[in-house]
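Notes for the one structure printed next.
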Amino acid sequence: MKNELHTFLTESVYMGVMLTLGTYSIGLWLKSKTGWALMNPLLVAVVLTICFLCVTGMSYTSYVRGADVISYMLTPATICLAVPLYEQIEQLKRNFRAVVIGIAAGVLASMASILALIVLLNMDHVSYVTLLPKSITTAIGMCVSEELGGSVPVTIMVIVITGITGNIFAERFLHMIKVREPIAKGIAIGSASHVIGTAKAMEMGGTEGAMSSLSIVTSGVLTVIAASVFASLA
Amino acid sequence: MRYVLQLLIIICFSFLGEVLHAVLPLPFPAGIYGIVLLYAALSTGMLKVRHIKEASTTLIAAMPVMFVPPAVGLMETWSSIRDVWPQYMFITIISTLAVMAAAGWMTQGAIMWKGHGKARKEEQDEK
C-alpha cells in the first residue's frame, strides 16, 4: 500500500507542476521578506525542488514529465521580448552611438574574457559554450547554449549567478572604476547582469533603469551573433 | 477572448520562427528569429503593440518560473561538473565584472567624447 502511494505520488503529472509553482512561491515570499539578492526566486525554487526530489527519491524524468507543461510556453514568451525592445528603441535612438558602442563593447568583453579564462584554466569546449551566453537574459541564453551544444541547466544557473553578482556588486564596482554617468551605469548593469541586475539599476534611478532594460534584449540579440562566431575559437 | 487572439498572434510568430530555424542554415535559435520577425512586424506597423500587449506582458512576467524545470536538470548533470564548479564560479564573477567595466567605460567615454565634440563645435561657431 505504501509503495503504491509512493508510486502514485511520484508518477502524477500534477506533482511536478505543484512542486515548481510551490517552490517558486516560497522563493517569491523569501525575496519579499528578506530583500536579499541571493534569495532569487528561481534559484530558491531550483534548490528546493532538487532537495525535494533527492529526499523523496522521485526521479528527474517523472518530475519533468509534469513540469514540462510549464516550460511549454517558453519560446512564445521569449518572442514577446520584441515588445519591450520595440518600446525602448526610442531611447536608444536618442543616445544611439554611445549606447551601441557600450553594448557592443560589453558583448565583446564577455566573449573575450570567457575565451581567455577558458584557455587559461584549460577547460573543454562544452564548458566554453555553456558559459558564453552567461551575461544575457535566460530565455535567449539557454537557446544559445542549446544551439551551440552547451549544457542548458548549467547555463541557466550560471546566468542566475551572473545576475546576482551584478545586482550585489554593481553600485560599489561602478563607483570604484569611476563610471558616474547614469546612462553608462545603466548600460553597464544591463549588459553585464540582465534582468536581475536591472532590478538594482531601477533602484539607482530612472535613467539607469531604462538604459539597463534596453541593454537586456539588445545585448542578448548581439550575443547570439557574436557567440556563433566565438564558439569556433576554442 | 482578447487573450485568445493575442496568444494566437504570438504562437504564429513562434511557429514562423521555428520554420526559419529549420530552413535557414544559421546557428540562431528559433526564439531569436521570432523576436526579429515580431520586431519587424511592430516597426513596419503591420502589427500594433496593443494587438498583443496583455498576453505578451503576462508571458514575460511568468517567464522566470518556466526556467525552473530545465534548471532542475542540474541534478542530472551535476556529477559531470562537480569538479569544475569552482572554475565556473570564478569565470562567471570575473567576466561579469569585465563586461560591466567595458560597457560602462565605453558608454561613458562615447558620451563625454560627443559632449566634447559638441562643445568644440559651439566654440568654433562663436568664433
B:GLY45 versus (1) farther than 29 Å from A:ILE164 by Cβ; (2) in a helix (DSSP H, G or I): which is the lone unmet condition? (2)
Looking only at residues that are within 16 Å of the chain's Cα centre (by Cα) and without any contact (Cβ under 8 Å) to a residue 40 or more places away in the chain in the range A:28-46, which one is least open to solvent (accessible area, probe 1.4 Å)? A:ALA45
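Yes or no, residue by residue, for (1) exposed (fewer than 14 other Cβ atoms within 10 Å of the Cβ); (2) more than 7 Å from chain A (Cβ to nearest Cβ); (3) β-branched (Val, Ile, Thr):
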site	(1), (2), (3)
B:ILE35	no, no, yes
B:LEU38	no, no, no
B:VAL68	no, no, yes
B:SER80	yes, yes, no
B:GLN87	no, no, no
If I filter the range B:44-61 down to residues being more than 21 Å from B:VAL19 (Cβ to Cβ) and either of a type in the set (Val, Ile, Thr) or at the interface with another protein chain (Cβ under 7 Å from one of its Cβ atoms) (or both), which single residue comes out as least open to solvent (accessible area, probe 1.4 Å)? B:VAL49
Using beta carbons and a limit of 8 Å, which pairs, at least six apart or on different chains, have the first residue in the range A:105-124 and within 9 Å of chain B (Cβ to nearest Cβ) and the second one polar (S, T, N, Q) and surrounded by fewer than 21 Cβ atoms within 10 Å (Cβ to Cβ)? A:LEU121/B:GLN87; A:MET123/B:GLN87
The one condition B:GLU122 fails out of (1) farther than 30 Å from A:ASN122 by Cβ; (2) modelled with pLDDT of 90 or more; (3) more than 7 Å from every other protein chain (Cβ to nearest Cβ) is (2)
Among residues of the range A:47-84 being surrounded by fewer than 18 Cβ atoms within 10 Å (Cβ to Cβ) and among the aromatic types (Phe, Trp, Tyr), the residue nearest to A:ILE140 (Cα to Cα) is A:TYR72
Is the range A:184-197 home to any residue that is buried (at least 22 other Cβ atoms within 10 Å of the Cβ), of a type in the set (S, T, N, Q) and touching a residue at least 40 places away in the same chain (Cβ under 8 Å)? yes
Test A:ILE156 against the criterion of being open to solvent by 10 Å² or more (accessible area, probe 1.4 Å) and either facing chain B (nearest Cβ under 7 Å) or part of a helix (DSSP H, G or I) (or both), and give yes or no. no
Identify, by number, the condition in (1) open to solvent by 40 Å² or more (accessible area, probe 1.4 Å); (2) facing another protein chain (nearest Cβ under 9 Å); (3) of a type outside the set (Gly, Ala, Ser) that B:LEU5 doesn't meet. (2)
Name the single residue, out of those in the range B:15-32 being within 8 Å of chain A (Cβ to nearest Cβ) and hydrophobic (A, V, I, L, M, F, W, C), that is most open to solvent (accessible area, probe 1.4 Å). B:LEU26
Among the listed residues A:THR223, A:THR198, which satisfies the condition of being over 20 Å from A:THR130 (Cβ atoms) and in a helix (DSSP H, G or I)? A:THR198
Pick from A:TYR72, A:TYR60: which is facing chain B (nearest Cβ under 9 Å) and touching an Asp or Glu at 6+ places or on another chain (Cβ under 6 Å)? A:TYR60
Is it fair to say A:TYR63 is within 20 Å of B:VAL68 (Cα to Cα) and either at pLDDT 85 or above or of a type in the set (D, E, K, R) (or both)? yes
Being of a type in the set (A, V, I, L, M, F, W, C) and in a helix (DSSP H, G or I) is the requirement here; does A:LEU38 meet it? no
Condition first: over 30 Å from B:THR57 (Cα atoms), at pLDDT 90 or above and more than 7 Å from every other protein chain (Cβ to nearest Cβ). Can you find one or more residues in the range A:44-51 that meet it? yes
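The values are calculated or read from the model by the stated rules, or taken from the named source; none is laboratory data. Computed from a predicted model, the values in this text were never measured in an experiment. Glycine also receives a Cβ, built like all others from the backbone with ideal geometry; neighbour counts cover every protein chain displayed. The area values use the complete protein model at the heavy-atom level, side chains included, leaving out ligands, DNA and RNA. Shrake-Rupley method; radii C 1.70, N 1.55, O 1.52, S 1.80 Å.
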